[in-house]
Protein chains: 2
Amino acid sequence: MSVISSESKTTISLDADLVTLVNVFKVKPENQQQLVDMLVDATEETMGKLPGFISANIHKSLDGEWVTNYAQWKSVEDFRGIFQNPEAREHMPKIGAIAESSPVLYEVCYTKNA
Amino acid sequence: MSVISSESKTTISLDADLVTLVNVFKVKPENQQQLVDMLVDATEETMGKLPGFISANIHKSLDGEWVTNYAQWKSVEDFRGIFQNPEAREHMPKIGAIAESSPVLYEVCYTKNA
């Protein structure tokens, strides 16, 4: 089921069987909104339709210099599938032209809520 | 209300009134678990009890070289309160001795779920 962004809710928990991508993009403040728009387009048009996609959560820094995508995939193999997908690969050079990305795969090891 | 870690659940959504801290720590793989333990202790003993704390979510990278804390605070002022709190400040040099941190404050601007 795909829901519209405003109703979408991502959860972080220890027991979820998934891999987390934290992709931190360094960007010039004057390009921050453009980068956000590109990442939203890439998610809507391509990434969000690929096998194993669970969620994407795009954040813009208050200082204007960073954009971070907190994304969840069912498995490492599903995440790696992005790089084999021609449509997904099309988005990458455009994004790379205005931002430097640092994608890292994680597992959740602790959560605490107030 | 404070819940135990295994039942804790963090949500990411557009309509939440909060500020998100994404704090990425670069660490040697042989120190990754020690860093996780230090961050868990700091959260349990101090950060999680401070005013405005909403959540902390500690992630370790699959390659061993990174630890990321995805944390939520009610406001920027509440987050900044950490640095005024003597007990919270006590944790920082120990953590800084084994890891280099890059804390950045964000707002959520887009979420999509499968």
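Estimated purely from DSSP H runs of n ≥ 4, each contributing -39500 (n - 2.57), the mean residue ellipticity at 222 nm for the protein assembly as shown is -8500 deg cm²/dmol once divided by its residues.
The three principal axes of the Cα atoms in the protein assembly as shown give end-to-end lengths of 51, 34, 32 Å, sorted in falling order. Lys and Arg at +1, Asp and Glu at -1: add these up for the other residues within a Cβ distance under 13 Å of A:GLN33 and post the number. So the surrounding residues net to -3. Shortest first, A:PRO103 label-point distances to identical copies amount to 2.9 nm, with the label point at 7 Å from Cα along Cα→Cβ. Placing pseudo-labels 7 Å out from each Cα toward the beta carbon at A:GLN34 and B:VAL76 gives an inter-label distance of 2.5 nm.
Measuring between their Cα centroids, the stretch A:38-65 and the stretch B:54-107 lie 24 Å from each other. Listed by chain and number, the lysines whose alpha-carbon sits under 30 Å from that of B:LYS94, ignoring those within fewer than 8 places in the same chain, are A:LYS26, A:LYS60, A:LYS112, B:LYS9, B:LYS26, B:LYS28, B:LYS49, B:LYS60, B:LYS74. Counting from the shortest, the label point at B:LYS49, 7 Å from Cα toward Cβ, is 5.2 nm from the same position in each remaining copy. Comment: the Cα-to-Cβ extended label point of B:LYS28, at 7 Å, lies 3.9 nm from its counterparts in the other copies, nearest first.
For the stretch B:30-100, averaging the sequence separation of C-alpha pairs within contact (under 8 Å, six or more residues apart) and dividing by the residue count gives a relative contact order of 33 percent.
Here, chain B is characterised by an Rg to Rh ratio of 0.95, where Rg is the alpha-carbon radius of gyration and Rh the Kirkwood radius.
Since every read-out is calculated from the coordinates, none of them should be taken as a lab result. The structure presented is a predicted model; accordingly, all values stated were derived computationally and were not measured. Glycine also receives a Cβ, built like all others from the backbone with ideal geometry; neighbour counts cover every protein chain displayed.
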